[in-house]
Amino acid sequence: MSDLRIGVIGYGARSTLATHAHKPGEGSRVTVVADPTQRAKDLARERHGEDVACVDTVEEMLENHEVDAVMILAPDYAHAGIALQTLSRGIATFCEKPMAISVEDTDAMLDMAMQKRARLYVGHNMRHMPVIRQMKAIIDSGRIGTVRAVWCRHFVGAGGDFYFKDWHAEREKAFSLLLQKGAHDIDVIHWLAGGYTRRVSGIGDLAIYGDITDRRDNSDRLMVDWYDADIWPPTAQRELNPVIDVEDISMIHMTLDNGVLASYEQCHFTPDYWRNYTVIGDAGRIENMGDGSGDQIHIWESRYSGAGKPDAVEVVARATGGHGGADPSLVSEFLRFVREGGKTDVSVIAAREAVATGVHGALSIRDGGVPREVPAVPAQMREYFDSGQA
């Protein structure tokens, strides 16, 4: 089996994904990287060897280098523009989540991929996280009956360092952290519930970081340069992005097309950093106590259970690799999809629906909580992608 030639576009915070695609002699190798910074080029050569080609632009990569697939790991606001170029050439495309920062762009990507029969895959790695896969298996077994509600609380203890010191803090470049951070969780809510949001409303605020006046243009640095786990409380943060206009706390309510009710809460100034999902069925409920290897999923399925006293406990499986072992599994599925096509656990339609819910949730927040309808994907397009882009 010859190695797939992989092009990587953007070699920043998520560039570690590319290391899982660089397996010379085992089916795939990174052959070219497009990133304008010398730091990125040096890192790419360190990881993938001196023979990896390094160019400044997407256009230079596409004009001068043959690739079988590309991985778009650039900032969120660049996803759609790059993907439309690669898909228009029929190139199999991995796009990191969120798929894009507007519904119009996600739908343009779907349309281009369908027109050109170019395989499109979106990096929703949480579908490969052991905690999520185990919760999904419990639900699918029927143990808690039919799902009626899903609640998710996301405590983002590193929010000040992760999202308020660079472009993530700007609506123009990220639109809302309901996309960059929330797209993961909204996708998981949809997957566990078995439906998509059709109506959403929300409340939120820029409660903490907007009041901090210590600002700096950090475009010359990466997160590893400014991250400091010892900063506490959040009001002590410094060197924040010059522009901050996204919410640092958001809460949305969702009505899904199958009648399931859901809620998502995201806070970027908590002391702890983890996700808590509660799934309530008509015969029981499950809740994860931690989301990493060795943590627990609690299962209540009798009237005699109580706080801290579930009827059963399932331990989250151990796995190696980023995001609880999800990253290598994600890239492995993408590479299999490039070669063979067919259905994948990650859903492109679901990726679009996560963006649409996040966008309209943010718009509701900014409009005083007025409920908004979330437009669905046309049936023919949904069938094409859900059937494996055959």
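Once each part is reduced to its C-alpha centroid, what is the distance from region 1-61 to region 214-258 in angstrom?
The two parts, judged by their Cα centres, are 29 Å apart.
Which FRET efficiency, nearest 0.05, do Ala376 and Arg171 yield, Cβ-Cβ r, R0 25 Å?
Numbers: r = 25 Å, r/R0 = 1.01.
Calculated transfer efficiency: 0.50.
Round to the nearest 0.05 the FRET efficiency obtained for Asp245 and Lys309 when R0 = 56 Å and r is the Cβ-Cβ distance.
Numbers: r = 45 Å, r/R0 = 0.80.
That pair, Asp245 with Lys309, gives E of 0.80.
Would you kindly work out the equivalent ellipsoid of the chain from its C-alpha gyration tensor and give its semi-axes, the square roots of five times the eigenvalues, largest first in whole Å?
Each semi-axis is √(5λ); the values are 32, 26, 21 Å.
When the accessible area of region 169-221 is computed with all protein chains present and a 1.4 Å probe, what percentage of it is carbon and sulfur? Working shown, then result.
On the way: 840 of 2030 Å².
It is 42 percent, rounded to a whole number.
By the gyration tensor of its Cα atoms, with a ≥ b ≥ c the square roots of the eigenvalues, what is the shape of region 270-390: rounded for a/c under 1.5, prolate for a/b over b/c, or oblate? Intermediate values should be presented prior to the final figure.
Values: a/c = 1.86, a/b = 1.24, b/c = 1.50.
Oblate is the answer for region 270-390, as a/c is 1.5 or above yet b/c matches or exceeds a/b.
Between Asp3 and Ser263, what's the calculated FRET efficiency when r is the beta-carbon distance and R0 is 35 Å? Round to 0.05. Display every interim value, and only then the final one.
Values: r = 45 Å, r/R0 = 1.30.
That pair, Asp3 with Ser263, gives E of 0.15.
Once you have the Cα-Cα distance between Thr16 and Arg366, take 0.36 nm times their residue separation minus that, and quote the gain in nm to one decimal.
122.5 nm
Mind pulling up the Rg/Rh value for region 1-108? Radius of gyration and Kirkwood radius, both on Cα. Before the final figure, lay out each step's value.
Working: Rg = 13.1 Å, Rh = 13.8 Å.
Radius of gyration over Kirkwood radius for region 1-108 works out to 0.95.
Kindly provide the helix-only [θ] at 222 nm of the chain, computed as the sum of -39,500 (n - 2.57) over DSSP H runs of four or more divided by all residues, to the nearest 500 deg cm²/dmol? Don't skip to the answer; put the middle values down first.
Values: 14 runs with 133 residues, N = 390.
Result for the chain: -10000 deg cm²/dmol, rounded to the nearest 500.
Answer with one residue from Ile144, His48, Trp274: the one whose Cα lies farthest towards the positive end of the charge dipole of the chain, charges on Cβ with Lys, Arg +1 and Asp, Glu -1.
After comparing all options, I get Ile144.
Note the full-extension length gain between Glu63 and Ser293 as 0.36 nm times their separation in residues minus their Cα-Cα distance, in nm to one decimal. Walk me through the numbers before you get to the answer.
On the way: separation 230, 0.36 × 230 = 82.80 nm, distance 4.35 nm.
In short, 78.5 nm is gained.
Cross-link list Lys136/Lys343; Lys23/Lys343; Lys97/Lys136; Lys41/Lys165; Lys173/Lys343: which exceed 29 angstrom alpha carbon to alpha carbon?
On the way: Lys136/Lys343 17 Å; Lys23/Lys343 23 Å; Lys97/Lys136 21 Å; Lys41/Lys165 23 Å; Lys173/Lys343 32 Å.
Going by Cα-Cα distance, Lys173/Lys343 fall outside the 29 Å limit.
Each label point is 7 Å from the Cα along the Cα-to-Cβ direction; what then is the distance between the points at Arg89 and Trp274, in nm?
4.5 nm
Pull out the extension gain between Arg215 and Glu46, defined as 0.36 nm times the separation in residues minus the alpha carbon to alpha carbon distance; nm, one decimal. Please report the intermediate quantities before stating the final value.
On the way: separation 169, 0.36 × 169 = 60.84 nm, distance 3.28 nm.
Length difference between fully extended and current span is 57.6 nm.
The values are calculated or read from the model by the stated rules, or taken from the named source; none is laboratory data. Because the structure is a prediction, the values reported are computed rather than measured. Every residue, glycine among them, receives a Cβ derived from its backbone with ideal geometry; neighbour counts consider all protein chains shown. Note: areas computed on protein heavy atoms with side chains; ligands, DNA, RNA excluded. Shrake-Rupley method; radii C 1.70, N 1.55, O 1.52, S 1.80 Å.
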